[in-house]
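Beneath this line is the structure, given in structure tokens, with notes to follow.
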Amino acid sequence: MKPPLGSVAFLIVGLVVFGFGEALLVTAGVGVSTWTMFTEGVTNVTGLSLGFATFVISVLVLVLWIPLKQTPGMGTILNAIIIALMLQYVLPFLPTFETFIANALLALFGVFVTGFGGAIYLVANLGPGPRDGLMTGLQTITHQPIALVRTFLEILVVAIGWTLGGTLGLGTIFFALGIGPAIAIGMQILQFRSTVD
């Protein structure tokens, strides 16, 4: 828990950018990421704000780490806090557009912003996010391929979120198909910058 200052800076910037991208997806209103969809469903049932519900779900997921024998890092804790804060306090100030095309483009931009933030976060290497740790923990005890475990979790939270009234739409498809390439592009950009510097 005493990492280099540069890594902490990368971590915080990455999480802020990641949270901003998630907020853009929400404000676009055409579908959100899988876990945010689940969170929206929870807010519909509980009346909690999206930011606070995000934090509560992160904490509950971390509780599931205990039987899975996963160990959180600084990045794990800050992930739960910063992304929740971004959704709580930045979301109300983001613009919305009248046309579906404009909002779809905003959602697409949100996916790439989220992916770039994820790349910065990964470079910091200070612990997985709560949901990633859940995935790796389940993979360890089930001995199933990581892709299968991740797919199971994603389908599960989408199904619960949709049942509870979360926003399933084009943005969800953008996220599912685009987050991997967006992170990869972000990593390439960061790698290019480091070689130039």
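The values are calculated or read from the model by the stated rules, or taken from the named source; none is laboratory data. Keep in mind that this is a model prediction, so the values were computed, not measured. Glycine gets a Cβ as well: all are built from the backbone with ideal geometry, and neighbour counts include every protein chain shown. What goes into the accessible areas is simple: the full protein's heavy atoms, side chains included, and nothing from ligands, DNA or RNA. Shrake-Rupley method; radii C 1.70, N 1.55, O 1.52, S 1.80 Å.
Taking 8 Å as the Cα distance limit and 6 or more residues as the minimum spacing, I'd like the relative contact order of the chain as a percentage.
Reported as a whole number, the value is 40 percent.
Using just the C-alpha positions of the range 51-119 as equal point scatterers, what log10 of I(q)/I(0) does the Debye formula give at each q in 0.12, 0.26 1/Å?
Rounded to two decimals, the profile gives -0.45, -1.17.
Given only helices, namely DSSP H runs of n ≥ 4 each adding -39500 (n - 2.57), what is the per-residue ellipticity at 222 nm of the chain, to the nearest 500 deg cm²/dmol?
-27000 deg cm²/dmol
With labels modelled as points extended 7 Å from the Cα through the Cβ direction, what inter-label distance (nm, one decimal) is found for THR151 paired with LEU5?
About 4.7 nm, to one decimal.
Given the range 1-103, report the % of alpha carbon pairs whose separation exceeds 19 Å.
Across the range 1-103, Cα pairs with separations above 19 Å total 49 percent.
Which value, in Å², gives the accessible area per residue of the chain when a 1.4 Å probe is used on the protein heavy atoms?
Accessible area per residue: 52 Å².
Convert each backbone phi in the range 107-124 into a coupling constant with the Karplus relation 6.51 cos²θ - 1.76 cosθ + 1.60 (shift: θ = phi - 60°), then list the ³J(HN,Hα) values in order as whole Hz, x for Gly and Pro.
In residue order, the calculated couplings are 5, 4, 4, x, 5, 5, 5, 4, x, 5, x, x, 5, 4, 4, 5, 4, 5 Hz.
Counting pairs of Cα atoms in the range 86-183, how many percent are more than 18 Å apart?
Summing the P(r) of the range 86-183 above 18 Å gives 62 percent of all pairs.
Share of Cα-Cα pairs in the range 84-133 beyond 12 Å, in percent?
75
Taking all protein chains as present, what is the carbon and sulfur share of the accessible area of the chain, in % to the nearest whole number, probe 1.4 Å?
That fraction is 74 percent.
Amide H neighbours of GLY127 under 5 Å, counting only residues 5+ apart in sequence or on other chains, H built in-plane at 1.01 Å?
Correct list: GLY75.
If you line up the Cα atoms of the chain on their principal axes, what length do they span on each, largest first, in Å?
Extents along the principal axes: 45, 44, 30 Å.
Looking only at VAL30, VAL158, VAL63, which one moves most when the chain is put into a Gaussian network model with springs between Cα atoms under 10 Å?
The residue with the greatest mean-square fluctuation here is VAL63.
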